[in-house]
Amino acid sequence: MIGGMIMKNVKEEYDGIIKISRKGVENRVLTWEDHVCVGCGICSEICPTCAIEMGPLGAIFREDIEAPKLDISGEKCVLCGMCASACPFDAVDLKINDKSIKELPQYPKIKRGISLDQDTCVLCEQCELVCPQKAINVEREIPERKTLVLGEIDVNKDKCVLCGICAEYCPADAIELVPNEMGPSSINPIKDIVIDKDACVYCKVCEKACPHNAIEAICYKCPLASRIKKPELYNEITGKTNIDEDLCVSCSWCERVCPVNAITVEKPFEGELIIDEDACNACEACISVCPCNALEFPKAGKPGEKVPKIAVNQDLCILCGACTHSCPVDALKVKRTKINMTEAKAPAWKKRFEKLLAK
Amino acid sequence: MPEHILSGIKAIVAIKMRKEGKLQREIAEYLKMERSIISHYIHGRYPSEKVMKVSEEIINLPAKYGIRLIDSLSDDKEITKKLIKSIYNIKIEVEDDKCIACGKCLECKYNAISADPNSVRVIIDQDKCVLCGKCIFRCPMNAFKTAESTGL
């Protein structure tokens, strides 16, 4: 027996978490969380002991099967923490004597992130709509409706014949005819006319449409159809755009749709995603895996025009490589030219990180 | 039996030191032995022929294997370290471009290995190191090696 004193690794698996620990002079605990992992496989690329094996990602993301995105071998893992250091999504962590190596400055870290200038943000919600990870939530409070829309509307029930012409014209869908439960004892088809005051904008279209002059509407805000002063209103809009950085994968989709450049995204790699058209069989695995929603089936072109089987928006791709691990025919390749990271001082670590770059 | 082999190794070291011009007194002090025994060794009155044969085989092993056998012969680490140094003239080094600082070697019984707080690597305290060679076999990255020692 060699060594003899070395404590063996203990591996635990529960609730989508893999935990490998070793006690000794240093107590080391490696934790991987499935729900944080995007399946990019950078950990498996960098692991110096080949202890990490990726699962069938295509099938997992399509929800054909339920399985963890990867497995870490308790026998092969030496708890060096390189995977934790390289994981751009903080799905793996290594604690040495209860301290995460992410807090230890001597360990390198792949940098990426997102920042938002709240002062510039106009709370337009565009970013929230495009975020593939649902990491953005815009909380905005607009001025009360009555500051903009205020008036009165009244239907004279004596004159109204319940014809519903007003409702057909109403641009705000604010008028509703209530059907009657007809029967010999109650023969009218319509019971009543109801105006939804939360929807009505007092535009007076109904008033003009009514052949019986049964509706009267008054708009207090624009009695002479005068325009509302916009700047005054805009100052009254308050709120905050919240970004959940744990969910954000820095795809930059939000940055690109933001009309006022309030968001800045820092990507983990530079380079490009290369697709081998001949090899691709358009199975969709990569599309379902991509955490950035950067891949799609191209829209059909004009007749005779050659359309690629799969298309990538390089601007949205973060070169994480999740698609490459999911592709059953190896049609995708990430060509990383630069890693955005803090310096790896140790030569062995530097060498391993350089493996993530294109050969 | 291990005691016999230990004597055999000591005899080889004593003869080697004599050849290097060391006095019997110096050799006895160095090996913490009585001068008379050193005198016996130097004058060819070895432990048995068999013991000497095995001892010769051990010292001719590649250092990383030889040191483990010699280390196992005695609990007096001062002596085993001296014997190893005298036979192989080595120290243990870590190759920084292989070491990933997984921390397995930190289990060194003699606390000779520590983590460098400024980098992701380990440092060997050569004074504390007894040249037992366990770290060489423990390291998953083959980062430990024996290297020629400069000066005793």
(message) Contact list please: Cβ distance under 6 Å, first residue in the range B:129-150 and closer than 18 Å to residue B:73 by Cβ and within 14 Å of chain A (Cβ to nearest Cβ), second residue β-branched (Val, Ile, Thr) and part of a loop (DSSP other than H, G, I, E, B), pairs at least six apart or on different chains.
(response) B:137/A:2
(request) Pairs only if they're at least six apart or on different chains, beta carbon under 9 angstrom, first in the range A:338-352 and more than 8 Å from chain B (Cβ to nearest Cβ) and under 15 Å from residue A:48 (Cα atoms), second surrounded by fewer than 21 Cβ atoms within 10 Å (Cβ to Cβ) and of a type in the set (D, E, K, R); list them, first residue then second. (result) A:350/A:343; A:350/B:97
(message) residue A:322 - would you say it is modelled with pLDDT of 90 or more and within 20 Å of residue A:250 (Cβ to Cβ)?
(response) yes
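Conditions (1) modelled with pLDDT of 90 or more; (2) part of a loop (DSSP other than H, G, I, E, B); (3) touching a helix residue (DSSP H, G or I) at 6+ places or on another chain (Cβ under 9 Å), marked per residue:
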residue	(1), (2), (3)
B:33	no, yes, yes
B:36	no, no, yes
B:39	no, no, yes
B:47	no, yes, yes
B:58	yes, no, yes
B:61	yes, yes, yes
B:66	yes, no, yes
B:79	yes, no, yes
B:87	yes, no, yes
(message) Considering only residues that are at the interface with chain A (Cβ under 10 Å from one of its Cβ atoms) and touching a helix residue (DSSP H, G or I) at 6+ places or on another chain (Cβ under 8 Å), which ones fall in the range B:102-121?
(response) B:104, B:105, B:107, B:108, B:109, B:113, B:114, B:115, B:120, B:121
(request) Might you check whether a residue that is buried (at least 17 other Cβ atoms within 10 Å of the Cβ), at negative phi and within 15 Å of the chain's Cα centre (by Cα) occurs anywhere in the range B:34-53? (result) no
(request) For the range A:37-64, name all the residues that are among the charged types (D, E, K, R) and over 20 Å from residue A:76 (Cα atoms). (result) A:62, A:63, A:64
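Residues are listed down the side, and each one gets a yes or a no for (1) away from every other protein chain (no Cβ under 14 Å); (2) over 29 Å from residue A:323 (Cβ atoms); (3) in contact with a strand residue (DSSP E or B) (Cβ under 8 Å, 6 or more places away or on another chain):
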| position | (1), (2), (3) |
| --- | --- |
| A:64 | yes, no, no |
| A:69 | yes, no, yes |
| A:91 | yes, no, yes |
| A:94 | no, no, yes |
| A:114 | yes, no, yes |
| A:122 | yes, yes, no |
| A:138 | yes, yes, yes |
| A:143 | yes, yes, no |
(message) Checking the structure you have, find out if any residue of the range A:270-283 is in contact (Cβ under 8 Å) with a residue 24 or more places away in the chain and in contact with a helix residue (DSSP H, G or I) (Cβ under 8 Å, 6 or more places away or on another chain).
(response) yes
(message) Looking only at the range B:93-152, filter to residues that are assigned to a loop (DSSP other than H, G, I, E, B) and of a type in the set (Asp, Glu); which one of those is surrounded by the fewest Cβ atoms within 10 Å (Cβ to Cβ)?
(response) B:127
(request) Filter the range B:89-142 for residues that are of a type in the set (Asp, Glu) and closer than 14 Å to residue A:78 by Cα and give the result. (result) B:107
(request) Within the range A:4-55, track down each residue that is out of contact with any helix residue (DSSP H, G or I) (no Cβ under 9 Å at 6 or more places or on another chain), within 14 Å of chain B (Cβ to nearest Cβ) and in a loop (DSSP other than H, G, I, E, B). (result) A:8, A:9, A:23, A:27, A:49
(request) Filter the range A:306-356 down to residues that are under 27 Å from the mean Cα position of the chain (by Cα) and either in a loop (DSSP other than H, G, I, E, B) or of a type in the set (Lys, Arg) (or both), then give me how many there are. (result) 23
(message) What are the pairs with Cβ atoms under 8 angstrom where one residue, in the range A:221-249, is among the small types (Gly, Ala, Ser) and the other, located anywhere, is surrounded by 13 or more Cβ atoms within 10 Å (Cβ to Cβ) and at pLDDT 90 or above? Sequence gap at least six, or different chains.
(response) A:239/A:123; A:239/A:138; A:239/A:140
(message) Looking only at residues that are in contact with a strand residue (DSSP E or B) (Cβ under 6 Å, 6 or more places away or on another chain) and within 12 Å of another protein chain (Cβ to nearest Cβ) in the range A:96-108, which one is surrounded by the fewest Cβ atoms within 10 Å (Cβ to Cβ)?
(response) A:96
(request) All but one of (1) under 25 Å from residue A:22 (Cα atoms); (2) away from chain A (no Cβ under 14 Å) hold for residue B:61, so report the exception by its number. (result) (1)
(message) Just to be sure before I move on: is residue B:13 at pLDDT 90 or above and surrounded by fewer than 20 Cβ atoms within 10 Å (Cβ to Cβ) in the structure I sent?
(response) no
(message) Please return the ranges of helices (runs of 4 or more DSSP H) entirely within the range A:61-152 where 1 or more residues are modelled with pLDDT of 95 or more.
(response) A:82-86, A:126-130
(request) Name every residue in the range A:127-181 that is polar (S, T, N, Q) and either surrounded by 14 or more Cβ atoms within 10 Å (Cβ to Cβ) or more than 43 Å from the chain's Cα centre (by Cα) (or both), in order of residue number. (result) A:133, A:137, A:156, A:180
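The values are calculated or read from the model by the stated rules, or taken from the named source; none is laboratory data. Keep in mind the model is a prediction, meaning the values are calculated, not measured. Note that we place each Cβ from the backbone using ideal geometry, even for glycine, and neighbour counts take in every protein chain shown.
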